[in-house]
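Asker: Can you keep this structure in mind? I'll have questions shortly.
No value in this document is a laboratory result; all are computed from the given coordinates. The structure displayed is predicted, hence computed values, not measured ones. Positions of Cβ are backbone-derived with ideal geometry, glycine not excepted, and every protein chain shown enters the neighbour counts.
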Amino acid sequence: MIYQGKALSVDVLPSGIAHLVFDLEGSSVNKFNQQTLQELQAAVSALQAAEIKGVIFSSAKAAFIVGADITEFTAKFGDSEQQLLDWLVEANAIFSDIEDLDVPTVCVISGVALGGGCEMALATGYRVASQRAVLGFPEVKLGILPGFGGTVRLPRLIGADNANQWISSGSHIKAQQAFEEGAVDAIVEDGKLLEAAQSLIEQCNGGKLNFKQLRVQKTSPLTLQPIELNVAFETAKGLVAAKAGPHYPAPITAVQVMQDAATLDRAGALELEHQGFIKLAKSPVAANLVQMFLNDQFLAGKAKKITANASKIEQAAVLGAGIMGGGIAYQSALKGTPIIMKDIVQEGIDLGMGEARKLLNKQMARGRLDIDSMLGVLSSIEPTLVYDDIEKADIIVEAVIENTDIKKKVLSELETLVREDTIIATNTSTISVDELATALERPENFCGMHFFNPVPVMPLVEVIRGAQSSEATIGTTVAYARKMGKTPIVVNNCPGFLVNRILFPYFGAFSRLIHDGADYRQIDKAMERFGWPMGPAYLLDVVGIDTGVHCQDVMADGFARMNLDFESAIDKLYEQQCFGQKTGRGFYLYEPDKRGKPKKLNNPAMDAVIKSVQAEQGDFSDAEIVERMMVAMCLESVRCLEDGIVDSAIEVDMGLILGLGFPAFRGGALRYLDSLGISAFCDIADKYGELGGIYKPTETMRTKGAAGETYYG
């Protein structure tokens, strides 16, 4: 035994080749925490002094290395720039020492090698992978770039074009693609990985492979001519900038770092990587995106606890077909749960099955499904106009028309036809779950399960806990949502639940801005520049003006502060039956583009509509528009937390990000509020207090602000 630690060990095989095995004690995966890095440094020192013929790096776990320990890693971001630089230099010295060993080195990759794990693999001379191996650099999704030499070694190994794509996209790269592009030298069966690695080392020692020449390539400037370099990187920057947008600097920074370092040797290139890493790591975007990653882990951990005693779901059903029912049926079947899709008319069934087929055809066109898989998914959706097989269902999602009386009638009838342990979940977006539960004899088996449209695209599902919903009901519904590939958040019952309750003060602020003289087009542009994927007028058109009016009425009945004391532009559009995209006319006009998707156009008729609801035309700055819109949303977010609709700031923010498309780089409403400072935010809100209750901070907020506290602690 050359070295023994708690994260890795090094032994010598009978062949005289050293074998370093990563096996982090007390963890299901290997990751680069401080302990692993320190032990790797010690192990490499031992290898440098040992009489060996080569080194194989592998893992005793299912994955190779999943990356850095995100909690430990990002704690470094709070250090000074010099401290961060010192840490990077020290860590990279370890990887350079591995690359510079006097003997051939091979990394064995089974499972995932991501981030630092992929950088570890690139530091060795060769890489042997199993068919299930996955490589990649997800750092840009955390707002940073690879910091352990990834931007240096990858372009020198697989070329500038491929490296630009790998690193700027943050994609997971499967073994076959990695092999074809030169990042992996061989793909072999799991049981033969070690044998293949030894064979490579023996070929090096026998003179058949020149590992030292390969090292020269990896530590020297790129061999492309200046014009070729310029074309490769400038083209990539154009594509990356267009895709990432102005609010996410990491992808374009990574490409720029690789471009600037292309003519430098390893030492110079690493210096530029360090500078780029530090610049991004100290940015608020990185802090927010890292927090989002931690939020995901928090939600997954909470869901795991909630579902500890969940019942198994082997058969599902959805009542009400159409676009929503078809989307739910598709998602359930795609993820392996057969589903009955029931409607009262054939047109609904046809629409639902058509939606499922359309979605499956898209999956096939993207190469994600073959014809057999597609037919298998489709056959696990059972369309029906009768209740004959409904007793087979373990969980039933009611998705009929958004009308209290109709829903109660359907639910009451349904309960008499199903088993006593069947869970019934309503897909209502506004109606009180407790009100609907009054129609049932077994309300403990009932809860809300609010999907967002379009179902296959939107990751959030709100699981609404009614006053009488049992823990088993909530746990099983959460488990079903997770099985469908969704992120469930459990919320307590109130008008609008979590996401819609927060959304409608935002829409109310929009209506009042128009009433006070603002141009809706300026509002849309200002909010899109703030980071929203679409402004409020465009969003209302997508949601549906009729849906917006219905929800606004529900919210106003539940919360007096949300009542509008004037006739709004939305009301006018509703009167004219201009419902947005569904009718081709709303704040904007819509016509199909070449792919059949609705294309947004200016609506000249809106000027007259707006004029009819404005006393005068106002002059608003973009900053004032953003303040009025965001203050209303953030304050309702605070009230949801204070009212116990959810348990944590994380759930509030993730609900908005996953359900509404809140700008992820800002971290969510409460994270954004924290960035401004609660006390300073209250001062901003007070400027608009005369506009109504949606602009009035709570006393708890003021106390928190005075104490210098934050929502994230």
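Asker: Cut-off under 12 Å on the C-alpha distance; same-chain residues fewer than 8 positions from Lys483 excluded. Which aspartates and glutamates are left, in chain and number order?
Answerer: Within the straight-line limit of under 12 Å, Lys483 reaches these aspartates and glutamates: Glu314.
Asker: Rank Pro459, Asn403, Val491 by how far each Cα sits towards the positive end of the charge dipole of the range 313-493 (+1 on Lys, Arg Cβ; -1 on Asp, Glu Cβ) and give me just the farthest.
Answerer: Pro459
Asker: Putting +1 on Lys and Arg Cβ atoms and -1 on Asp and Glu Cβ atoms, find which of Gly268, Pro443, Ile381 reaches farthest to the positive end of the dipole of the chain.
Answerer: Gly268
Asker: A further question follows. Based on other C-beta atoms within 10 Å, arrange Phe179, Phe497 from fewest to most. Working shown, then result.
Answerer: On the way: Phe179 18, Phe497 27.
Starting with the residue having the fewest Cβ neighbours, the order is Phe179, Phe497.
Asker: Could you give the size of the charge dipole of the range 35-82 about its Cα centre, using +1 on the Cβ of each K and R and -1 on the Cβ of each D and E, expressed in debye and rounded to the nearest 20?
Answerer: On the way: 3 positive and 6 negative charges, 54 e Å.
That gives the range 35-82 a dipole magnitude of about 260 debye.
Asker: For Ile173, list long-range residues whose amide hydrogen, built 1.01 Å from N in the peptide plane, is under 5 Å from its own amide hydrogen.
Answerer: Leu135, Gly136
Asker: Then there's this: For the range 1-76, with only Lys/Arg (+1) and Asp/Glu (-1) charged at the beta-carbon, what is the dipole magnitude about the Cα centre, in debye rounded to 20? If you can, show how the numbers build up before the last one.
Answerer: Working: 5 positive and 7 negative charges, 26 e Å.
Here the range 1-76 has a charge dipole of around 120 debye.
Asker: Here is a further query. Please give the charge dipole size of the chain, origin at the Cα centre, charges +1 on K and R Cβ atoms and -1 on D and E Cβ atoms. Round to the nearest 20 debye.
Answerer: Numbers: 65 positive and 89 negative charges, 259 e Å.
Roughly 1240 debye for the chain.
Asker: Calculate one ³J(HN,Hα) per residue across the range 663-678 by plugging θ = phi - 60° into the Karplus curve 6.51 cos²θ - 1.76 cosθ + 1.60, and present them in order as whole Hz with x for glycine and proline.
Answerer: Listing the rounded values in order: x, 4, 5, 9, x, x, 5, 6, 5, 5, 4, 4, 5, 7, x, 4 Hz.
Asker: Do the sum for the chain: with -39,500 (n - 2.57) for every DSSP H run of n ≥ 4, divided by all residues, what is the mean residue ellipticity at 222 nm, to the nearest 500 deg cm²/dmol? Mind showing how you got there, number by number?
Answerer: On the way: 30 runs with 361 residues, N = 713.
Calculated from helices alone, the mean residue ellipticity at 222 nm is -15500 deg cm²/dmol.
Asker: What ranking of Thr487, Thr416, Thr36 emerges when the number of other C-beta atoms within 10 Å of each C-beta is taken as an exposure proxy, fewest first? Show your work: numbers first, answer last.
Answerer: Details: Thr487 19, Thr416 8, Thr36 24.
Placing the least packed residue first, the sequence is Thr416, Thr487, Thr36.
Asker: Enter the Cα centre distance for the pair the range 128-180 and the range 410-426, rounded to the nearest angstrom.
Answerer: Centre-to-centre distance over Cα atoms comes out at 50 Å.
Asker: Measure nothing fancy, just the Cα-based angle from helix 322-334's long axis to the longest principal axis of the chain, in degrees from 0 to 90, nearest 10.
Answerer: Approximately 30 degrees, to the nearest 10.
Asker: Let me ask something else about it. Sorted from largest to smallest, which semi-axis lengths in Å does the alpha carbon gyration tensor of the range 500-706 give for its equivalent ellipsoid, taking the root of 5 times each eigenvalue? Could the numbers behind the result be given before it?
Answerer: Working: eigenvalues 161, 70, 51 Å².
Square roots of five times the eigenvalues give 28, 19, 16 Å.
Asker: Okay, moving on. I'd like the trypsin sites (Lys or Arg not before Pro) in the range 135-212 restricted to DSSP loop residues with at most 13 other Cβ atoms within 10 Å, sorted by number. Show your work: numbers first, answer last.
Answerer: Working: sites: Lys141, Arg153, Arg156, Lys174, Lys192, Lys208, Lys212; in loops: Lys208.
Answer in residue order: Lys208.
Asker: ³J(HN,Hα) across the range 563-568 via Karplus (A = 6.51, B = -1.76, C = 1.60, θ = phi - 60°), whole Hz, x for Gly/Pro?
Answerer: 6, 8, 9, 8, 7, 9
Asker: Which percent, nearest 5, of DSSP beta bridges in the chain are antiparallel? Before the final figure, lay out the partial values.
Answerer: Values: 20 of 64 bridges.
If we restrict to bridges inside the chain, about 30 percent are antiparallel.
Asker: For Cys551, Cys634, which order do you get if you count the other beta carbons within 10 Å of each Cβ and list the fewest first? Let's see the in-between values first.
Answerer: Details: Cys551 22, Cys634 26.
Least to most surrounded, the residues fall as Cys551, Cys634.
Asker: Moving to a separate point now. With unit charges on the beta carbons (Lys and Arg positive, Asp and Glu negative) and the dipole taken about the Cα centre of the chain, which residue among Phe293, Val89, Thr422 sits farthest to the positive side?
Answerer: With unit charges placed on the Cβ atoms, the residue in question is Val89.
Asker: Name the shape class, rounded, prolate or oblate, that the alpha-carbon gyration tensor gives for the range 313-493, where a ≥ b ≥ c are the square roots of its eigenvalues, rounded holds for a/c under 1.5, and otherwise prolate holds if a/b is larger than b/c and oblate otherwise.
Answerer: Working: a/c = 1.79, a/b = 1.50, b/c = 1.20.
Prolate is the answer for the range 313-493, as a/c is 1.5 or above and a/b outweighs b/c.
Asker: Another question about this same structure. Can you pick out the pairs among Lys358/Lys599; Lys174/Lys237; Lys76/Lys305 whose Cα atoms lie more than 26 Å from each other?
Answerer: Details: Lys358/Lys599 20 Å; Lys174/Lys237 24 Å; Lys76/Lys305 30 Å.
From Lys358/Lys599; Lys174/Lys237; Lys76/Lys305, over 26 Å: Lys76/Lys305.
Asker: With just the Cα atoms defining each centre, how far is the range 303-332 from the range 465-481? Give it in Å.
Answerer: 12 Å
Asker: Further question on the same structure: Is the shape of the range 25-124 rounded, prolate or oblate, going by the alpha carbon gyration tensor and its root eigenvalues a ≥ b ≥ c, with a/c under 1.5 for rounded and a/b larger than b/c for prolate?
Answerer: On the way: a/c = 2.07, a/b = 1.27, b/c = 1.63.
Oblate, since a/c reaches 1.5 and b/c is not below a/b.
Asker: Out of the DSSP beta bridges found with both residues in the range 427-586, what percent are antiparallel (nearest 5)?
Answerer: Numbers: 5 of 11 bridges.
The antiparallel fraction comes to roughly 45 percent.
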